[in-house]
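K.L.:
Quick one: this structure, given as structure tokens, is what I'll be asking you about.
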Amino acid sequence: MSRPLYGIDSGGSTTSIRAWSGEHWTAPSVNPSSVGKSASASSIRAVFERIRRHAQGLGLPPAVWLASASLDPAAPAREVTRLAAAARSAGLRGDLVISNDITPLVLDAPAGAGHVVAVCGTGSGFAGTDGSSPPCRIGGCEYLASDEGSAFDLGLRGLRAAVRALDGRGAGTALTVLFASHAGAGVPALARELAQTSFPKAAVAALAPLVVRAWQEGDGVAAGVVADAIRELTLGVSAARETAGLPPGWRLSATGGVMTGSPEFFRCFAVAAARLGAGTVRLLVDPATAILAAVTQFTADGPLTLTDSRVGDGVWHIDLTADKESRELQRISR
């Protein structure tokens, strides 16, 4: 009997779970920066409870890899402790691997190959490795300090452009009509409502498809917003490539809702990235599948062991069979 394995992609708007048996389901975001601490706690507990029920009665403890942008690689202990406590509270027993959202995607390439990953979803972030060293991470500091080129960035730039157009401070744009139709209210009212939202990241990011639509329909203002986003994404890729010291011919993987939601946006990004020396540029449609592949790589019917040098020290392995939390934290290995 195969050991039950799960890959969890915790995005800014949605959590996606892939099971070894082929099932797939989604849940609300578990990122506190997107939904707040209370909603995050409720969502992650529900995810772990469903995995526990799904794996129940199979005879072998599950192994779960949770990849989340909520994990700060520079100071991970608090978030690791929170997520591990949620798993235990949900009754989950087995192996739990916790990492940032990009590391398992870096592993979705042959060892020894230079690889850069660009995530462009609700937020954005980048990582690069020479194929044998731990990944260097670029960006990923949440929407006040980074997330350039992301859905949040597209939505915010588009909203400001629409307000400027109405004020006469900027060129006219179809975004004013598209945003008003989306909100059922004028753009100024939409802007004020979003400003009073406790956690506006996902709501602002929800405007991004309208910006992309306006661009595809020939709106000049939206075209400028999209061009700026692609420029920022290319800068992130360039920084990851340079920090990892990659020669020409490296592999680039792009993922996230903006990339998967608009083939034309991805094509424009791929053309710009190819100029940086990328040998191949591919679209990673389902990160949860790549995360499942990562946990599959490191486990069998026996104990899970993180053996790939590209993992680095930003990945945490918790043995959920420990009797007490103090013992559990002592068992965390990186």
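None of the figures in this text is laboratory data; all of them are computed from the coordinates on show. Keep in mind that this is a model prediction, so the values were computed, not measured. Reconstructed Cβ throughout: ideal geometry from the backbone, glycine too, with neighbour counts over all protein chains shown.
K.L.:
Only four residue types carry charge here, +1 at the Cβ of Lys and Arg and -1 at the Cβ of Asp and Glu. Report the dipole size of the stretch 1-76 about the Cα centre in Debye, rounded to the nearest 20.
P.N.:
Around 220 debye, computed over the stretch 1-76.
K.L.:
Could you size up the charge dipole of the stretch 193-271 around its Cα centre, putting +1 on the beta carbon of Lys and Arg and -1 on that of Asp and Glu, and report it in debye to the nearest 20? Let's see the in-between values first.
P.N.:
On the way: 6 positive and 7 negative charges, 61 e Å.
That gives the stretch 193-271 a dipole magnitude of about 300 debye.
K.L.:
Name the residue, out of ARG267, ARG241, ARG18, whose mean-square fluctuation peaks in a Gaussian network model built on the chain with Cα pairs under 10 Å.
P.N.:
ARG267
K.L.:
(i) 129; (ii) 147; (iii) 165: which one is volume of the Cα convex hull per residue in Å³ as calculated from this entry?
P.N.:
(i)
K.L.:
Express as a percent, rounded to the nearest 5, the fraction of DSSP beta bridges in the stretch 109-283 (both residues included) that run antiparallel. Present the calculation step by step, with values, prior to reporting the outcome.
P.N.:
On the way: 10 of 19 bridges.
Percentage antiparallel, nearest 5: 55.
K.L.:
How far, in nm, would the chain grow between PHE199 and ALA274 when pulled straight, counting 0.36 nm per residue and subtracting the alpha carbon separation?
P.N.:
That pair, PHE199 and ALA274, stretches by 23.4 nm at full extension.
K.L.:
Mind checking the dipole of the chain: about its Cα centre, +1 per Lys or Arg Cβ, -1 per Asp or Glu Cβ, Debye to the nearest 20?
P.N.:
Once rounded to the nearest 20, the dipole reads 340 debye.
K.L.:
Over the stretch 109-283, calculate the relative contact order: mean separation of alpha carbon pairs under 8 Å at least 6 apart, over the residue count, as a percent.
P.N.:
Reported relative contact order: 29 percent.
K.L.:
Packing-wise, with mean Cβ within 10 Å as the measure, how do 193-204, 310-321 rank, highest first?
P.N.:
So the order, starting with the most tightly packed, is 310-321, 193-204.
K.L.:
If I build a Gaussian network model for the chain, linking alpha-carbon pairs within less than 10 angstrom, which residue out of ALA274, ALA288, ALA69 has the largest mean-square fluctuation?
P.N.:
Looking only at ALA274, ALA288, ALA69, the largest GNM fluctuation is found for ALA274.
K.L.:
Report the relative contact order of the chain, percent, no decimals, based on alpha-carbon pairs under 8 angstrom and at least 6 residues apart.
P.N.:
The value is 22 percent.
K.L.:
Determine the gain in length on full extension of the stretch SER89-ASP313; use 0.36 nm per residue of separation and subtract their C-alpha separation, reporting nm with one decimal.
P.N.:
Between SER89 and ASP313, full extension yields 78.0 nm more.
K.L.:
To continue, here is another question. Mind giving me the nanometre distance, one decimal, between the label points for LEU144 and VAL285, set 7 Å out from Cα along Cα→Cβ?
P.N.:
Between LEU144 and VAL285, the simple spin-label model gives 3.9 nm.
K.L.:
Also, I was wondering about something else. Along the charge dipole of the chain, pointing to its positive end and built from +1/-1 on Cβ of Lys, Arg, Asp and Glu, which listed residue (SER34, GLY112, GLY155) has its Cα farthest out?
P.N.:
SER34
K.L.:
So for the pair SER132, ASP167, with labels modelled 7 Å out along Cα→Cβ, what separation do we get in nm?
P.N.:
Those two pseudo-labels are separated by 5.5 nm.
K.L.:
Now for a different question. Looking at the chain, what % of its DSSP beta bridges pair antiparallel, to the nearest 5?
P.N.:
Once the DSSP bridges in the chain are tallied, antiparallel ones form about 55 percent.
K.L.:
Tell me which GluC sites (Glu not before Pro) from the stretch 23-129 have a DSSP coil assignment and no more than 13 other beta carbons within 10 Å of their own.
P.N.:
When the GluC sites (Glu not before Pro) of the stretch 23-129 are filtered for loop state and at most 13 Cβ neighbours within 10 Å, GLU23 remain.
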